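In what follows, a structure is listed as structure tokens, so that the remarks can point back to it.
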Amino acid sequence: MWFWNKEVSTEMSTLSSAAPLDVLAIAAHRDDVEQTCGGTLLKMAQRGRRTGILDLTQGEMGTRGTAQDRAREAEDAAKILRVSWRQALDILDGRVENTFENRLKVARVIREQRPRVVILPYWKGRHPDHYTASTLGYEACFLAGLAKLDVSVVEGDSSADLTAGRRQDSRQDAVATRLPPHRPFKIIYATLYYDVRPTFVVDITELFEMRFQALMAYKSQFSDQEAGKDLFPAQAEIRARIEAMARFYGLLGGVTYAEPFLQKEVGLVEDLTLIPVKSI
């Protein structure tokens with residue numbers, strides 16, 4: 001299992017994993033994925049799928065804890081969720097902006113990990129980082145499929161030529177060769193942070209406890225403490241809230257616990273007799 005952060009060398013971070021990811025969840029902050037689609041990632045992993053998490057920021061602006069705390073907790077949570085790969089980018093926490101430079105950072109990961117499915121946050125919400133991550137992630141997925149786009153351009157070098165026709169040096173040529181264009185087949189949106197009717201839900205009934213444990217791995221965020229006491233619920237209340245939300249979405253799908261998702265595309269049905277969820 002790989003856990004990378006911004007201190008890892010550029011050379012190492014250009015190398016792809018042994019096999020493409022089946023599902024990659026992208027979110028603004030460490031613990032967003034655990035809250036919105038952790039059970040789904042665990043379910044996919046239990047079915048033999050390779051899963052990954054890309055956190056856009058280090059979490060340095062969080063009211064509670066430090067970026068270093070969040071890094072350790074994210075690793076613990078990822079082990080519980082059995083993800084095959086996790087990385088945190090160096091986009092500024094509280095300043096997730098949909099810039100071309102940031103899109104290139106995410107596009108590079110898309111090319112490295114080659115996911116079939118990408119999970120993004122819903123494009124509306126209270127936190128600007130969340131809804132910006134949605135648009136940023138979608139546009140990065142599109143850019144990652146442009147064959148002539150060089151995602152290996154040196155960070156912050158505004159003079160760098162961004163087409164495959166003119167490389168900066170032989171090292172960039174080598175990197176670009178390792179990162180062929182790729183777009184995910186499916187992009188879906190985790191909607192738990194926003195009140196919108198989902199397109200579908202994923203049954204996590206058998207995985208709810210492990211999903212909750214993954215979230216509770218973030219001790220710096222969810223333990224009772226003076227910092228942020230007016231913003232965070234008391235620890236004794238957290239489980240009740242999380243369970244209530246999972247039960248609500250489970251009710252929509254006719255199961256006990258579920259996580260909600262939305263897709264922009266129209267669904268395709270081959271056999272009317274196999275459509276799940278009772279109508280009456």
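The values are calculated or read from the model by the stated rules, or taken from the named source; none is laboratory data. This one's a predicted model, so the numbers in the text were calculated from it and none came from an experiment. Note that we place each Cβ from the backbone using ideal geometry, even for glycine, and neighbour counts take in every protein chain shown. With ligands, DNA and RNA removed, areas are computed over all heavy atoms of the protein, side chains included. Shrake-Rupley method; radii C 1.70, N 1.55, O 1.52, S 1.80 Å.
Remarks
- Surface per residue (accessible, 1.4 Å probe) for the stretch 26-126, Å²: 36 Å²
- Using the Cβ-Cβ distance between GLU139 and LYS79 with R0 set to 41 Å, the FRET efficiency works out to roughly 0.85.
- Compared with the direct C-alpha span, the chain from ARG241 to GLU209 gains 10.1 nm at full extension, assuming 0.36 nm per residue.
- The gain in end-to-end length when the PHE100 to THR66 segment is fully stretched comes to 9.5 nm, 0.36 nm per residue minus the alpha carbon separation.
- Sites LEU274 and ALA19, calculated FRET efficiency, Cβ-Cβ separation with R0 25 Å, nearest 0.05: 0.25
- Protection proxy ranking for 132-140, 35-43, using the average of other Cβ atoms within 10 Å per residue and placing the highest first: 35-43, 132-140.
- For the cross-link pairs LYS43/LYS148; LYS43/LYS264; LYS43/LYS219; LYS79/LYS186, the ones whose C-alpha atoms lie over 27 Å apart are LYS43/LYS148.
- Taking the centroid of alpha carbons for each part, the stretch 183-224 and the stretch 90-155 are 20 Å apart.
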